[in-house]
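Just below is one structure, and these are the notes that go with it.
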Amino acid sequence: MKHTHTLLKSALVALALSVAGQVQAQTTDAKMNTFVSALMGKMTLEEKIGQLNLLTPGGGVLTGSVVSSDVEAKISKGNVGGLFGVIGVEKIRQAQELAVTKSRLKIPLIFGSDVIHGYKTTFPIPLGLSCSWDLPLIEHSARLAATEASADGLCWVYSPMVDIARDPRWGRVAEGSGEDTYLGSKIAAAMVHGYQGNRLGDKNSVMACVKHFALYGAAEAGRDYNTTDMSRIKMYEYYLPPYKAAIDAGAGSVMTSFNEIDGIPATANKWLLTDLLRKQWGFKGFVVTDYTAINEMMAHGLGNLQTVSALALKAGVDMDMVGEGFVTTLQQSLKEHKVTLTEINDACRRVLEAKYKLGLFEDPYRYCNTATATKEVLSADKRQAARELGARSCVLLKNDRQTLPLKKSGTIALVGPLANNKSNMLGTWAVSGDAQLSVPVLDGMKQVAGSGVNILYAKGANISDDTSFAKKVNVFGERIDIDTRTPEQLLTEALTTAAKADVVVAVVGEASEMSGEAASRSDIGIPESQRKLLAALAQTGKPLVVVLMSGRPLTLTTENEQATSLLEVWFQGHEAGNAIADVLFGNYNPSGKLTMSFPRNVGQIPIYYNYKNTGRPQPEGPTQKFRSNYLDVANDPLFPFGYGLSYTTFKYEGLTLSANKISGGKTIDVAFKLTNTGAYAGEEIVQLYLRDQEASVTRPVKELKDFQKIKLQPGESKTVHFTIDKEKLSFFNSQLQWVAEPGTFDLMIGASSADIRLKETFELL
Ligand code: BGC
């Protein structure tokens, strides 16, 4: 009785709180509406269109050919709504001063930036972070980035990038969370929560901008900016959920993508930006284009600048990034009845609302406090977090004879072009990070190993010997530096060094700008210069630990044979050397698991674990004629989604289901025992996959539906619980309705998508 009473009481309290919350939101909305309406009542048409104009005065990374000119005059005239690429609290204050002292209505500017994996303190690239599968930690990384960026004057970040990608040739996989929709959606929400904090308008919160809406990760042939084309059912099921998750988490803005969808570029796609985003999903924030995406629709073949600008506005775009199509053509289009005043007003209102939510009308210098900047920017706690995040992003792909962790004694030969390098540690899209503040692997190893270890270093090879390739990669600075010594001299030095050591650690892979925007590759192996180095080191017979830096999955079939141990570390940011050393020497036991499949060769791409069975699946065993397979390579990847080793081992046993049949509203409790059977404390990411055996549309052979990261001491056990509910059994049918159909489901618990340890079936009635 007492129990019921307490439950009732807490339900009533919850109800009261939620009603209070709603009432408060309504009053805030009402206040905002009144304020914005009053302001818009004073605005001229030109000033309204000015709010839709986002410029960059340069200084950041310019990804298009255009840089805004005459920015100061334009701000003073009220022709600019926001700026990006202005870095530093003083510069931002100065620009804001122009807007609020010189422009007629003193409307503050919004200041954005590409804060993608940290701000000035750089964290691991998003693909790396996703391999931690650690949602609280990922949220924390975004919180820290928000704290640092907002302290330095910014209030808007172009993140999270949530584009699902199944093609590692596409360089921008580095910026996303891999191939899986379920995990990608969870990470999208975690990042939005991290950036936006308790509430927009708090001084340490920034507005998130989910991008690139939509389907940007499905570019044909992995070539950046290329066409995408897919069925609605595939869109709804696999590609759209992470954007929706970010929006449901409250993301204040959305960035359109460069690609077309159903033959219409995203930036002019009314179905996408209005019907789906606003009407179906209820998005209330504002939509900004990607860099000159409106202008690029001329090249897509949609008409001249006036036409494409009108199309973008009518589709639902509110802010035009850099291209100035809106400011130069919308007045004319209005005169010619090609756009309506309501459309201009709606866009202007949404931009002003964003500024209102960020508290900029209350105090335009809200994020411009020099003392806070000094305290927060590059603070010690953020460096420490970078180190922890780095260690947790590493994925151990191979570890024969328990070569890792390394002993803190003896002699280690540390070789490779990325072993003593600062310029490549940050990874792509670290626009505000200073590479010179990075810790190279050599320094980190010396520091972590202590005086008991003799570490000898040799470069061994250039990242690439190809000067024309290096030129293309080096557009933002020298990432590939070609040594004055010949490749033969470098190799000889490495072999002499290796001869003196007990173990060889080779740090190899991509230069940081070999992945990222406009960094597609048709061959995703490590460059030949480094392959030669590894082959020669393998010949020495010494244990060979290969540390791989890359912004994408690589093809590693040969390297996997040559190496004794393989550790994928991605690009880790400022603390790279320390974090990698923590893992190599066992101060941290690696727990990361891949979020993208590593193909055996490029011909297998696109490759992903949640494929469909086909009518002629290849059975286990040798290749069979008239089956879905290749003559020259297996179907499965070299390293599958969800894969990653630990210095310890885990045993999965005793799977039980609370019921084997459920009806619609009921749930099943799934339980099993997980034991750490090795000698090290460690974390295991346990994964729950489902397969719908029979449905009205074809279903994948397995789909991730839940996971947990469990920490166990040696010998320790824990019972792990999952709940199966109707949501986990649902999918989009051919009418695009989200349904769960009765029938049998396979439930699989695994250490990776290919390493299923426990299996059961159940039925939905
Ligand atoms: C990229 C975006 C980025 C924008 C602004 C574009 O080229 O596609 O991801 O946010 O530039 O820098």
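The values are calculated or read from the model by the stated rules, or taken from the named source; none is laboratory data. Here the structure is a predicted model, which means the values were calculated and not measured. Methodologically, a virtual Cβ is constructed for each residue, glycine included, from the backbone with ideal geometry; neighbour enumeration extends over all protein chains shown. Surface areas here come from the heavy atoms of the whole protein model, side chains and all, with no ligands, DNA or RNA. Shrake-Rupley method; radii C 1.70, N 1.55, O 1.52, S 1.80 Å.
Kindly provide the set of residues from region 330-348 that are crowded, with 23+ Cβ neighbours inside 10 Å and over 33 Å from the mean Cα position of the chain (by Cα), ordered by number. If the condition is that a residue be crowded, with 23+ Cβ neighbours inside 10 Å and over 33 Å from the mean Cα position of the chain (by Cα), then 330, 339 are the ones that fit. For the condition charged (D, E, K, R), surrounded by fewer than 17 Cβ atoms within 10 Å (Cβ to Cβ) and within 30 Å of the chain's Cα centre (by Cα), residue 726 qualifies.
A quick yes/no check of all residues on (1) open to solvent by less than 20 Å² (accessible area, probe 1.4 Å); (2) under 30 Å from residue 151 (Cβ atoms); (3) aliphatic (A, V, I, L, M); (4) assigned to a helix (DSSP H, G or I):
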residue	(1), (2), (3), (4)
385	yes, yes, yes, yes
406	yes, no, yes, no
414	yes, no, yes, no
417	yes, no, no, no
422	no, yes, no, no
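Residue 417 satisfies every condition listed in (1) more than 16 Å from the ligand (Cβ to nearest atom); (2) in contact with a Phe, Trp or Tyr (Cβ under 7 Å, 6 or more places away or on another chain) except (2).
Please tell me if residue 439 is modelled with pLDDT under 95, over 19 Å from residue 410 (Cβ atoms) and either within 25 Å of the chain's Cα centre (by Cα) or not in a helix (DSSP H, G or I) (or both). Working first, answer last.
On the way: modelled with pLDDT under 95: no; over 19 Å from residue 410 (Cβ atoms): yes; either within 25 Å of the chain's Cα centre (by Cα) or not in a helix (DSSP H, G or I) (or both): yes.
No; evaluated as a whole, the condition is false for this residue.
Considering the conditions (1) outside any strand (DSSP E or B); (2) out of contact with any Ser or Thr (no Cβ under 7 Å at 6 or more places or on another chain); (3) not aliphatic (A, V, I, L, M), residue 653 is excluded by exactly one of them, (1).
Among the residues of region 286-309, those that are open to solvent by 10 Å² or more (accessible area, probe 1.4 Å) and more than 16 Å from the ligand (Cβ to nearest atom) comprise 298, 301, 302, 303, 304, 305, 306, 307. Restricting attention to region 674-713 and to residues that are in contact with an Asp or Glu (Cβ under 7 Å, 6 or more places away or on another chain) and surrounded by fewer than 14 Cβ atoms within 10 Å (Cβ to Cβ), the residue that is nearest to residue 589 (Cα to Cα) turns out to be 711. Would you check if residue 222 is over 23 Å from residue 321 (Cα atoms), modelled with pLDDT of 95 or more and either more than 16 Å from the ligand (Cβ to nearest atom) or open to solvent by 10 Å² or more (accessible area, probe 1.4 Å) (or both)? It is false that residue 222 is over 23 Å from residue 321 (Cα atoms), modelled with pLDDT of 95 or more and either more than 16 Å from the ligand (Cβ to nearest atom) or open to solvent by 10 Å² or more (accessible area, probe 1.4 Å) (or both). Residues of region 364-382 that are assigned to a helix (DSSP H, G or I) and open to solvent by less than 50 Å² (accessible area, probe 1.4 Å): 373, 376, 382. Listed here are the helices (runs of 4 or more DSSP H) enclosed by region 39-152 that have at least 1 residues being surrounded by fewer than 17 Cβ atoms within 10 Å (Cβ to Cβ), at pLDDT below 95 and among the small types (Gly, Ala, Ser): 71-76. Taking the criterion of being free of Cβ contacts under 8 Å to residues at least 40 places away in the same chain, within 16 Å of the ligand (Cβ to nearest atom) and either assigned to a helix (DSSP H, G or I) or closer than 12 Å to residue 163 by Cβ (or both), the only residue of region 225-245 that qualifies is 228.
Just to verify a result, which residue in region 197-219, among those that are open to solvent by 20 Å² or more (accessible area, probe 1.4 Å) and either outside any loop (DSSP other than H, G, I, E, B) or closer than 22 Å to residue 703 by Cα (or both), is farthest from the ligand (Cβ to nearest atom)? Show your work before the answer.
Initially, region 197-219 is screened for residues open to solvent by 20 Å² or more (accessible area, probe 1.4 Å), giving 197-200, 202-204, 218.
Of the ones still in play, those that are also either outside any loop (DSSP other than H, G, I, E, B) or closer than 22 Å to residue 703 by Cα (or both) are 200, 202, 218.
Numbers: 200: 19, 202: 23, 218: 15 Å.
If we take residues in region 197-219 being open to solvent by 20 Å² or more (accessible area, probe 1.4 Å) and either outside any loop (DSSP other than H, G, I, E, B) or closer than 22 Å to residue 703 by Cα (or both), then 202 is farthest from the ligand (Cβ to nearest atom).
Listed conditions (1) open to solvent by 20 Å² or more (accessible area, probe 1.4 Å); (2) within 26 Å of the chain's Cα centre (by Cα); (3) more than 19 Å from residue 579 (Cα to Cα) are all met by residue 398, apart from (3).
This table checks each residue for (1) more than 14 Å from the chain's Cα centre (by Cα); (2) more than 16 Å from the ligand (Cβ to nearest atom).
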site	(1), (2)
115	no, no
123	no, yes
131	no, yes
136	yes, yes
156	yes, no
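Looking at residue 256, is it open to solvent by less than 40 Å² (accessible area, probe 1.4 Å), farther than 27 Å from residue 216 by Cα and touching a Leu at 6+ places or on another chain (Cβ under 9 Å)? No; evaluated as a whole, the condition is false for this residue. Scanning region 246-260 for residues that are in contact (Cβ under 8 Å) with a residue 40 or more places away in the chain and either touching a helix residue (DSSP H, G or I) at 6+ places or on another chain (Cβ under 6 Å) or under 27 Å from residue 359 (Cα atoms) (or both) turns up 246, 248, 249, 250, 251, 252, 253, 254, 255, 256, 257, 259. Just wondering, is there one or more residues in region 390-404 that are touching a Cys at 6+ places or on another chain (Cβ under 9 Å) and β-branched (Val, Ile, Thr)? The answer is yes, given that some residue of region 390-404 is touching a Cys at 6+ places or on another chain (Cβ under 9 Å) and β-branched (Val, Ile, Thr). In a residue-by-residue description of region 178-196, the property of being of a type in the set (Lys, Arg) and either within 14 Å of the ligand (Cβ to nearest atom) or assigned to a loop (DSSP other than H, G, I, E, B) (or both) applies to no position. Write out, first by first residue and then by second, each pair whose Cβ atoms fall under 8 Å of each other, whose residues are 6+ apart or on separate chains, and whose first residue, in region 531-544, is surrounded by fewer than 16 Cβ atoms within 10 Å (Cβ to Cβ) and hydroxyl-bearing (Ser, Thr, Tyr) while the second is in a strand (DSSP E or B) and at pLDDT 95 or above. Cβ pairs passing all conditions: 540/504. Between 634, 671, the distinction of being assigned to a strand (DSSP E or B) and either more than 25 Å from residue 733 (Cβ to Cβ) or open to solvent by 30 Å² or more (accessible area, probe 1.4 Å) (or both) belongs to 671 only.
So, of the residues in region 471-494 that are aliphatic (A, V, I, L, M) and surrounded by fewer than 19 Cβ atoms within 10 Å (Cβ to Cβ), which turns out to be farthest from residue 508 (Cα to Cα)? First the steps, then the outcome.
Within region 471-494, the subset aliphatic (A, V, I, L, M) is 473, 475, 480, 482, 490-491, 494.
With the extra rule that they be surrounded by fewer than 19 Cβ atoms within 10 Å (Cβ to Cβ), the set shrinks to 475, 482.
On the way: 475: 21, 482: 15 Å.
Result: 475.
Checking each residue in region 262-285 for being closer than 25 Å to residue 179 by Cβ and either within 16 Å of the ligand (Cβ to nearest atom) or within 16 Å of the chain's Cα centre (by Cα) (or both) picks out 265, 266.
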